[in-house]
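Colleague: Could you have a look at this structure, given as C-alpha cells, before my questions?
The values are calculated or read from the model by the stated rules, or taken from the named source; none is laboratory data. Just so it is clear, the model here is predicted, and its values are computed rather than measured. Note: ideal-geometry Cβ built from the backbone for every residue, glycine included; neighbour counts use all protein chains shown. Note: accessible area is taken over every heavy atom of the protein model, side chains too, but ligands, DNA and RNA are not part of it. Shrake-Rupley method; radii C 1.70, N 1.55, O 1.52, S 1.80 Å.
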Amino acid sequence: MPCGYRSSTEYHFHEEQSDAIVRVTAYHRKDYCQSVIWFSPGQHDSIRLSIATPFQRTSNKGLGSLDRLPLELLHDMLLRLDMHSLFKFRQINLRSRQIVDSLKQYQMVVLHGLNLFCALLRTRLAIDISLFDFYYALCTKTCTFCGEFSGFISLLTWTRCCFKCLQGAPETQMQTLHTVRKQFHLTKAEENQLSSFKTLPGIYSMMESAYKSRFTIVSVHQAILVSGQQSHTLVQVPLANSGGNKKYNFMGSCALPYYDRRTGKVQHGILCAGCQLALEKDIIGSRGEKWAFEARDKVYAQDDFLEHFRWCEQAQLLWRSSGEGNNPPTELPEAARRGGYFNKRE
C-alpha cells in the first residue's frame with residue numbers, strides 16, 4: 001500500500017466524536033443522486049404539506065363499511081395496498097387521510113422517499129408497488145448484488161443497488177422496448193409480460209445529458225427471462241447496452257436513503273474526503289490504478305466509514321487540521337466541499 005495512504009497504526013477516537021469525524025472527513029455525492037430521476041426540492045415544496053401533513057381537526061364522515069373493521073386489520077390492508085391506490089384512498093375524505101397518515105410506514109416513506117414516490121406516480125409504476133414494498137426498500141441497507149451500501153433503487157425490478165451496480169450489474173440494465181424487441185425477437189405475448197414505463201424528461205448520467213424526449217424502457221434481465229435465452233446471454237448484455245445506452249439505467253433508477261428502524265436515523269451514503277485528497281496528491285492513482293479510483297468512489301454507511309477512517313491517513317490529516325472538528329479542515333478537496341462535480345441546480 002502506498003506510503004501516506006494507509007496509516008501504520010490504527011487511529012483511536014471516542015465514540016462521541018463519531019458525528020464530528022463524519023462531518024469533517026466525509027461527504028455525500030449529490031451528483032450521484034442527480035444523475036438519476038431527480039426533482040429539485042422546490043418542486044416538492046408545493047406538495048409536501050398536502051401529501052405528508054395530517055389535518056388536526058376531527059372528521060364528521062366515515063369510511064362506510066370499512067369502519068366496521070378493527071383498526072389493526074384496516075392498517076394491515078392499507079400496508080398491502082399499492083401506492084397509487086393508497087394515494088387515491090387518502091383523498092376520499094378527512095377520515096381516510098387521517099387513517100393513512102397514522103401509519104408510521106407512510107410517514108417515513110413520504111418524509112424520506114418523497115422523490116421516489118413522485119417518480120412512481122409520474123411513471124405510473126405506483127400501481128405495482130405496495131406501501132410495504134416501499135417501506136421495506138427504505139429500510140434495506142445493502143446492495144442486492146454486492147452487499148455494499150445501497151443508495152439507489154432500480155424501478156422496473158424494484159431492487160436495491162449501489163451506484164456501481166446501478167451502472168454495471170446485468171440485472172439493472174435497461175434498454176428501449178424497441179431495441180429489446182429486436183435483440184431478443186420477442187413475440188407480442190412475451191412483450192406483454194415485460195414491465196415498462198416511459199422515461200421522464202430530465203438530466204441524466206454523470207455526463208449531465210439533458211433529454212426532453214420520452215422512451216419506453218424495459219429491463220433487459222426480464223427480457224432474457226421472458227424470451228427463454230440462456231443465462232450466458234447476461235454476459236453479452238453490457239455489449240448491447242454499453243456506452244451512451246447506459247443512460248437508460250439512470251433513467252430507470254432513483255435515489256433512496258436508508259432508514260434505520262432501530263435508531264430512527266437516515267443515511268444517504270458518504271464518501272471519504274481523505275481518499276479524494278490522496279488521489280489529488282498522487283499518493284494513489286498516479287499510474288491510473290483502478291483500485292485507487294474505486295477507493296475514492298466507494299460509498300459507505302456511517303459505521304463502515306468510521307472503520308475505514310481508523311486506517312485512512314489522509315482522512316486523519318483532515319481531522320487533525322480541523323482541530324478535531326472545531327475548524328474547517330485546511331486541505332478539504334473541492335469535490336468534497338461541493339458534494340461532487342455537477343453544476344448547481346435549482
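Colleague: Out of the total accessible area of the chain (probe 1.4 Å, heavy atoms of protein only), what percent is carbon and sulfur? Each step should come with its number before you reach the end.
Modeller: Working: 9130 of 17790 Å².
Carbon and sulfur atoms account for 51 percent of the accessible area of the chain.
Colleague: Another question, if that's okay. Where Lys and Arg each count +1 and Asp and Glu each count -1, what net charge lies around Thr144 among other residues with Cβ under 9 Å from its Cβ?
Modeller: 0
Colleague: For the chain, what is the calculated [θ] at 222 nm in deg cm²/dmol (nearest 500), taking -39500 (n - 2.57) for each run of four or more DSSP H residues and dividing by its residue count?
Modeller: Values: 20 runs with 156 residues, N = 346.
Computed mean residue ellipticity for the chain: -12000 deg cm²/dmol.
Colleague: Which FRET efficiency value, to the nearest 0.05, is calculated for Lys290 and Lys212 with the Förster distance at 45 angstrom and r the Cβ-Cβ distance? Let's see the in-between values first.
Modeller: Values: r = 35 Å, r/R0 = 0.78.
Efficiency, from the Cβ-Cβ distance: 0.80.
Colleague: In what sequence, largest accessible area first, do Phe184, Phe145 appear using a 1.4 Å probe? Please list the in-between numbers first.
Modeller: Values: Phe184 10, Phe145 70 Å².
I get Phe145, Phe184, largest accessible area first.
Colleague: Something else: Can you list residues from other chains, or at least 5 along the same chain, whose modelled amide H is less than 5 Å from the amide H of Ser209?
Modeller: Correct list: Tyr204.
Colleague: In square nanometres, what is the average projected area of the Cα convex hull of region 53-139? Can you show the working numbers first?
Modeller: Details: hull surface 22.4 nm².
Across all orientations, region 53-139 yields a mean hull projection of 5.6 nm².
Colleague: Which one, Leu78, Val109, Leu63, projects farthest toward the positive side of the charge dipole computed for region 53-139 from Cβ point charges (K/R +1, D/E -1)?
Modeller: Value computed over the given set: Leu63.
Colleague: Okay, moving on. Determine how many Å³ per residue the convex hull of the Cα atoms of the chain encloses.
Modeller: Numbers: hull volume 60.7 nm³, N = 346.
Expressed per residue, the convex hull around the Cα atoms of the chain is 176 Å³.
Colleague: Report, in listed order, any pair from Lys88/Lys141; Lys141/Lys298; Lys164/Lys246; Lys141/Lys164; Lys247/Lys344 with a Cα-Cα distance greater than 18 Å.
Modeller: Numbers: Lys88/Lys141 30 Å; Lys141/Lys298 15 Å; Lys164/Lys246 12 Å; Lys141/Lys164 15 Å; Lys247/Lys344 21 Å.
In this structure, Lys88/Lys141; Lys247/Lys344 exceed 18 Å between Cα atoms.
Colleague: Using the heavy atoms of the protein chains and a 1.4 angstrom probe, tell me the accessible area per residue for region 152-231 in square angstrom. Please report the intermediate quantities before stating the final value.
Modeller: Values: 3830 Å² over 80 residues.
Per residue, region 152-231 has 48 Å² of solvent-accessible surface.
Colleague: Based on alpha-carbon centroids, what's the gap between region 175-208 and region 250-311 in Å, whole number please?
Modeller: 31 Å
Colleague: Rounded to the nearest 10 Å², what accessible area does Val299 show when all protein chains are kept and the probe is 1.4 Å?
Modeller: 30 Å²
Colleague: Right, something else. Taking K and R as +1 and D and E as -1, what net charge do the other residues with C-beta under 10 Å from the C-beta of Lys198 add up to? Walk me through the numbers on the way to the answer.
Modeller: Numbers: positive: Arg122, Arg124, Arg214; negative: none.
After counting each charged neighbour, the total is +3.
Colleague: Per residue, how much accessible area does region 53-139 have with a 1.4 Å probe, in Å²? It would help to have the intermediate numbers written out before the result.
Modeller: Numbers: 4700 Å² over 87 residues.
Dividing the accessible area of region 53-139 by its residue count gives 54 Å².
Colleague: For Phe197, which sequence-distant residues (separation of 5 or more, or a different chain) have an amide H within less than 5 Å of its own amide H, given hydrogens modelled in the peptide plane?
Modeller: Sorted by chain and number, the residues that satisfy this are Ile217.
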